[in-house]
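Shown next, in structure tokens, is the structure this report addresses.
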Amino acid sequence: MTSMRGLVVVASALLAASCGVGLGASDPGPGGSPATVATSPASSARGTSIYLTTSRGLWTVWRQRVPASDVQTSLDLLLEGPTGAERSRGITTAIPPDFGSLTATARTGRVDVALPSTFSRIDSQAILQIACTVAASPGVPGNVAPDQVVVDMHEPGDTQGAQMRCNDTGDVTMVDRPSDTSGGSQ
């Protein structure tokens, strides 16, 4: 009977080891919902957060890149996609390899993002990835919480853009554009 108990203990230990116990810092936690957006600017000692996708929705991963001090760096890291180790765990991206470049211009609490294509040609998950990565970037001026950063995405040739925020569950909500109170003509 004692040797059967020992066999069960060894089998349990092997099973736990094969299930990914002890994964590295950029790995998703065990089970549960996807990580949520940080509630303070992502100037963490962990590096820069980017948002990739899983079958459960957006997933935060960290990149150890110095300096990670601007929004453009965050977007460039996002465009690199998941690492091989992340892909092997089911973390992917909705941004195709031939997507093109993204250009960010940050100002206090806001970021303008120039898209390489029209919204109709971009997967909705890719829009979520871009908006949440930008909002959580440590390079947004003004020390604004990520869920309060307004991300203004522009299609080619579009000067108005679509304003959105990434909330604390990783969902994007549209922001109403304020009406023109300057008295100028349209």
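A few comments on the model shown:
- Whichever residue in segment 142-175 is buried (at least 16 other Cβ atoms within 10 Å of the Cβ) and on the phi > 0 side of the Ramachandran plot and, among such residues, is nearest to the chain's Cα centre (by Cα): G170
- Inside segment 50-59, residues that are out of contact with any Gly (no Cβ under 8 Å at 6 or more places or on another chain) and either part of a loop (DSSP other than H, G, I, E, B) or more than 21 Å from I122 (Cβ to Cβ) (or both) make up a count of 1.
- Helices (runs of 4 or more DSSP H) wholly inside segment 66-141 containing at least 1 residues that are over 16 Å from the mean Cα position of the chain (by Cα) and surrounded by fewer than 17 Cβ atoms within 10 Å (Cβ to Cβ): 84-88
- Selection within segment 96-113 - of a type in the set (S, T, N, Q) and out of contact with any Pro (no Cβ under 8 Å at 6 or more places or on another chain): T103, T105
A quick yes/no check of all residues on (1) touching a helix residue (DSSP H, G or I) at 6+ places or on another chain (Cβ under 8 Å); (2) touching a residue at least 12 places away in the same chain (Cβ under 8 Å); (3) among the aliphatic types (A, V, I, L, M):
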residue	(1), (2), (3)
F119	yes, yes, no
I127	yes, yes, yes
A145	no, yes, yes
Q163	no, yes, no
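Quick note: the coordinates plus some simple rules give every number you see, no bench work behind them. Just so it is clear, the structure is predicted and the values come from calculations on it, not from any experiment. Heads up, the Cβs are rebuilt from the backbone with ideal geometry, glycines too, and the neighbour counts pull from every protein chain shown.
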